[in-house]
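Values quoted throughout were computed directly from the atomic coordinates according to the rules given, and no laboratory measurement underlies them. Just so we're clear, the structure is a prediction, and the values are computed from it rather than from any experiment. All Cβ positions, even for glycine, are placed from backbone atoms using ideal geometry, and neighbour counts span all protein chains on display.
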Amino acid sequence: MLKKVKDCPYILPETFSSALISLLTELLCKTPVNRLRNLECLKMQAFFRGTSFDSLILQKTPVKVILELRTHPDWPAKALRGLSLDIFDDFDCDKIFHSPSTPTELSPTLATMDLATEQTTGQCDSNQRLQDNQSGWTHQSPTLSEAQKRELHETALRIVSPGKGILAADESVGSMAKRLAQVGVENTEENRRQYRQILFSADDRVSGCIGGIIFFHETLYQNSDTGIPFVKMIRTGGILVGIKVDKGVVPLAGTFGETTTQGLDGLSDRCAQYKKDGAVFAKWRCVLKVSETNPSTLAITENANVLARYSSICQQHGIVPIIEPEILPDGDHDLKRSQYITEKVLTAVYKAMSDHHVYLEGTLLKPNMVTSGHSCSTKYGPEEVAMATVTALRRTVPPAVTGVAFLSGGQSEEEATVHLNAINNCPLAKPWILSFSFGRALQASALRAWRGHKENEKVATEQFIKKAEANSLASQGKYTGGDNNYTDAGQRSYGSSHAY
Amino acid sequence: MTHQYPALTTEQKKELQEIAERITAPGKGILAADESTGSMGKRLNPIGVENTEENRRRYRQLLFTADQRIDSCIGGVIFFHETLYQNTDDGTNFSQLIKDRGIVVGIKVDKGVVPLAGTDGETTTQGLDGLSERCAQYKKDGADFAKWRSVLKISENTPSELAIMENANVLARYASICQQNGIVPIVEPEILPDGEHDLKRCQYVSEKVLAAVYKALSDHHVYLEGTLLKPNMVTPGHSCPTKVSHEEIAMATVTALRRTVPPAVTGVTFLSGGQSEEDASINLNAINNCPLAKPWALTFSYGRALQASALNAWRGELSNEKAATEEFITRAEANSKAALGKYQSSGSGTAAGKSLYVENHAY
């Protein structure tokens, strides 16, 4: 009998929530010193999240009343009437819970259990209290553990390690239709598979050029002709797998043709699944347009906010978020206007990141380069584009951001490479890696060479490898192809282009 | 807001940026000699000196007449209004004296803190009224930069969102007005070290405050290259039981800055906020030796940490003036080295310093 009491075996029904299970496990811990007994640790329990600890009610009022109060919050006075308070007259909640003894370590079960995402392992430190809504946010609630931060930071560094950039192969089915139509290929799942295979079977010349590849959902689960999963092929080559997670743009009512991006619903679960399936980074694209009235303040704040939510969720699952606030080049605005708008947009993005407690070292930015609008009558040289771009970034992107991987946004392959090269040769101090995340600018030639014919596959792959190598050089400022040579005379022409 | 209405011409921007660069040129920092009359009382009383205008003049004189050794250490001096119009014994205007030495003249322009109703003892800073006219006048009288101090406190409930937002906003208004008048604004959002919070909490609060400051500066179209930041270093609160090393302070400080301060900001000139002279130098040195990428100048804007020994040596005596000036020169040279990461404090060995950073990386 004594043994039964001492062993105290118990089973927690599966119907209990994980938060309740962890709370009970803590309370029923056999080792007294590890048992949950301190108010601060109690408050930290996921079970109590959102509850305010009103000591007055806690020490004087029986459970029944508390339950009543929950359903009828306007009844506090009525609830206290008729209660005999003598039983707990000398029961001082505060005195017991705020004893001078320091809180002990969390019990091992709590430390190792995979709880609600905000929990960290480690000591119940009085500085790591849950947020109390009334006092604002002045205390930091643990978002990520040190190990999680380290993992995110290292992943980001690997994707953009020197000379490496990203192949954006995440065109949706709709986008692929446009690409394939241009080369007379039918937009079938098999054709999409064959096309991606051309890119993914590039030899190891690309392992020094490509740090990561962004996949579309369908592609993540496709295989090569020989039955090898694409994900495995890529990872064997030392390249990291990324996944596009947004669900496209939707209109913002009351604006002039502006949009936000959807995809947050169930994103947490999707990220967890993608992580299991081999993805270590993700991409989410927001779109802003320049016109007489755009981008509006609403569009900027809404897109910045949704990017921050997405980032926050990704990081909880060990996935590095690539943040893409694309400002379209459509329009006749000049370079200065583009720079101004880019600065405003990026400032809003990083304020939102801060508000949402995103760990910047574990993120990458995928911005547009600063260029004039497509219909702008003035033409600008690569140094001017580089100056404007780097200046805009210097005014808005904190150095903690690991890397900036530019989108090509409709530039030709050569233009994109030349611009990237000029950016890396810009004489202003640039504390982040400046690399590429190109879609069309890496694939256009390969696509044209292929045209859907099996016999063209090798040639097509070669085209892709060439572009990868060119952009690898450009990301180090060493690209010498094209019309402009930046290795010597380039420096002088930057000065006159200084973008105030 | 989609169109830019230029706040400054290219020439104005160029001038502001060059002033900021001169103040924070390699090895140079700022002497904060802008103690208000009230603050000077707190400095002079402990050394038995009466807080008169003449005594304040004599005291500032012994700082400003230091020999050429400080020319490579001091890039700028912040004046209090009264001092800008005082002269040396032989009739040379202080502002002119400083300017002729190639040191940039600065002026404190805020009018002190005032309470924010509905908060737990929090404040904002006043001084915006007529600021534009005052700046224009100060520019004529030789000033090329200004300083404005906002104050935040860490406690159970503070800093509140209101305090952060309000102080960030008022700093941005001040900065905008200064730049219109060719004056480089030093932006000072000081988070007081009072309290028992630990290093991590100070870092967290510093990051939130600075993020708000730079959002406000962007909203107010402030030209970042033509500004300087004067933040607190990230340290545990004064009553925090845990002691930390200089490298931990450096890591936490640099990490906080890296997460919030855009590279376009020309320089960061730390306040000493009650640290001892030696600690302020050692910490600045550790900051400059921190192995993370730091794209802004990291130097000093010290008041007490440059003047404490000088004050003690002076004690109001004419015969002590030379000795007092020597004390100031010693600290100026020490901090100049610290701003280059080359300060060797007599007590500690700096050789081992670098390796301590890795373990204490401030996530």
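Structure notes:
Residue-wise test of (1) touching a residue at least 40 places away in the same chain (Cβ under 8 Å); (2) within 25 Å of the chain's Cα centre (by Cα); (3) more than 14 Å from every other protein chain (Cβ to nearest Cβ); (4) at positive phi.
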residue	(1), (2), (3), (4)
A:S296	yes, yes, no, no
A:I322	yes, yes, yes, no
A:Q339	yes, yes, no, no
A:E361	yes, yes, no, no
A:K379	no, no, yes, no
A:A386	yes, no, yes, no
A:V390	yes, yes, no, no
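- Subset of region A:330-343 [part of a helix (DSSP H, G or I) and not β-branched (V, I, T)]: A:L335, A:K336, A:R337, A:S338, A:Q339, A:Y340, A:E343
- Considered as a group, the residues in region B:155-176 that are crowded, with 21+ Cβ neighbours inside 10 Å and either under 22 Å from B:F80 (Cβ atoms) or in contact with a helix residue (DSSP H, G or I) (Cβ under 6 Å, 6 or more places away or on another chain) (or both) include one that is farthest from the other protein chains (Cβ to nearest Cβ), and that residue is B:Y174.
- Hits in region B:8-37 - residues which are of a type in the set (G, A, S) and within 21 Å of B:I70 (Cα to Cα): B:A20, B:A25, B:G27, B:G29, B:A32, B:A33
- Condition check for A:H333: under 22 Å from A:V390 (Cβ atoms) and within 13 Å of another protein chain (Cβ to nearest Cβ): yes
- Filtered residue count, region A:344-401, keeping only those that are among the aliphatic types (A, V, I, L, M), farther than 25 Å from B:K208 by Cα and assigned to a loop (DSSP other than H, G, I, E, B): 2
- Test: residue in region B:179-192 that is surrounded by fewer than 24 Cβ atoms within 10 Å (Cβ to Cβ) and free of Cβ contacts under 8 Å to residues at least 12 places away in the same chain: no
- Highlighted here are the helices (runs of 4 or more DSSP H) found entirely within region B:182-291 that include at least 2 residues which are within 11 Å of another protein chain (Cβ to nearest Cβ): B:199-219, B:246-258.
- For region A:238-292, the set of residues classified as touching a Ser or Thr at 6+ places or on another chain (Cβ under 8 Å), surrounded by 14 or more Cβ atoms within 10 Å (Cβ to Cβ) and of a type in the set (V, I, T) consists of A:I239, A:V249, A:T255, A:V280, A:V287, A:V290, listed by residue number.
- A:H356 meets the stated requirement of being within 27 Å of B:V261 (Cβ to Cβ) and surrounded by fewer than 23 Cβ atoms within 10 Å (Cβ to Cβ).
- Residue in region B:18-29 that is surrounded by 14 or more Cβ atoms within 10 Å (Cβ to Cβ) and part of a strand (DSSP E or B) present: yes
One line per residue, one yes/no per condition, for (1) away from chain B (no Cβ under 14 Å); (2) free of Cβ contacts under 8 Å to residues at least 40 places away in the same chain; (3) crowded, with 22+ Cβ neighbours inside 10 Å:
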site	(1), (2), (3)
A:A147	no, yes, no
A:R150	no, yes, no
A:I159	yes, no, yes
A:A181	yes, yes, no
A:T188	yes, yes, no
A:N191	yes, no, no
A:D204	yes, yes, no
A:G211	yes, no, yes
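- Annotation: B:C178 fulfils all but one of (1) over 20 Å from B:K140 (Cβ atoms); (2) within 18 Å of the chain's Cα centre (by Cα); the unmet one is (1).
- Residues that are over 23 Å from A:T417 (Cα atoms), of a type in the set (D, E, K, R) and within 24 Å of the chain's Cα centre (by Cα) within region A:165-220 comprise just one, A:E218.
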